1. Being of a type outside the set (Gly, Ala, Ser) and free of Cβ contacts under 8 Å to residues at least 24 places away in the same chain is the filter here, so list the residues in the stretch 54-77 that pass it.
2. I'd like the full set of residues that are in a helix (DSSP H, G or I) and among the small types (Gly, Ala, Ser), limited to the stretch 7-26.
3. Return yes or no: is ALA56 farther than 16 Å from ARG12 by Cα, under 10 Å from the mean Cα position of the chain (by Cα) and either modelled with pLDDT under 95 or not in a strand (DSSP E or B) (or both)?
4. Condition first: at pLDDT 90 or above, of a type in the set (A, V, I, L, M) and within 12 Å of the chain's Cα centre (by Cα). Can you find one or more residues in the stretch 1-12 that meet it?
5. Filter the stretch 35-53 for residues that are of a type in the set (D, E, K, R) and part of a strand (DSSP E or B) and give the result.
6. Out of the stretch 59-79, which residues are hydrophobic (A, V, I, L, M, F, W, C) and either within 11 Å of ILE17 (Cα to Cα) or part of a strand (DSSP E or B) (or both)?
7. I'm told ARG46 meets every condition in (1) more than 12 Å from the chain's Cα centre (by Cα); (2) closer than 16 Å to GLN70 by Cβ except one. Can you identify the failing condition by its number?
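The values are calculated or read from the model by the stated rules, or taken from the named source; none is laboratory data. In this text the structure is predicted, and so the values were computed from the model without any measurement. FYI the Cβ positions are ideal-geometry reconstructions off the backbone, even for glycines, and counts take in every protein chain you see.
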Amino acid sequence: MTTQECDARDRRIVEKIRTVLHANSTLGQHASFIEVSIEHSAIVIRGSLPTDEMKAELLPAIRRAGVLSQVNNCVLVAA
């Protein structure tokens, strides 16, 4: 796979995750506060959410998007 093909694949994965987060009934209104990137073949999620429950919902939501890669959840819970 060429670098351009890898970059295109990564962009599709990130966009798919963003779409699922925006459509999620729990996370949707906070999805714009979440940054999704791919670093060294792992999905990295950064940002902040208001509750631990919402943070815990991130990984299941990403899995529902069909993403099986390693996920590093760096989201903070704003007190």
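1. Going residue by residue through the stretch 54-77, those that are of a type outside the set (Gly, Ala, Ser) are 54-55, 57-60, 62-64, 67-68, 70-77.
Of everything in the stretch 54-77, those that are of a type outside the set (Gly, Ala, Ser) and free of Cβ contacts under 8 Å to residues at least 24 places away in the same chain turn out to be LYS55, LEU59, PRO60, ARG63, LEU68.
2. ALA8, ALA23
3. No: the conditions fail for ALA56.
4. Scanning the stretch 1-12, I find no residue that is at pLDDT 90 or above, of a type in the set (A, V, I, L, M) and within 12 Å of the chain's Cα centre (by Cα), so the answer is no.
5. GLU35, GLU39, ARG46
6. LEU59, ALA61, ILE62, ALA65, VAL67, VAL71, CYS74, VAL75, LEU76, VAL77
7. (1)
Okay, residues lined up against (1) loosely packed, with under 15 Cβ neighbours inside 10 Å; (2) over 24 Å from LEU76 (Cβ atoms); (3) β-branched (Val, Ile, Thr); (4) without any contact (Cβ under 8 Å) to a residue 24 or more places away in the chain:
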position	(1), (2), (3), (4)
THR2	yes, yes, yes, yes
CYS6	yes, yes, no, yes
THR19	yes, no, yes, no
SER25	yes, no, no, yes
GLN29	yes, no, no, yes
ILE38	no, no, yes, no
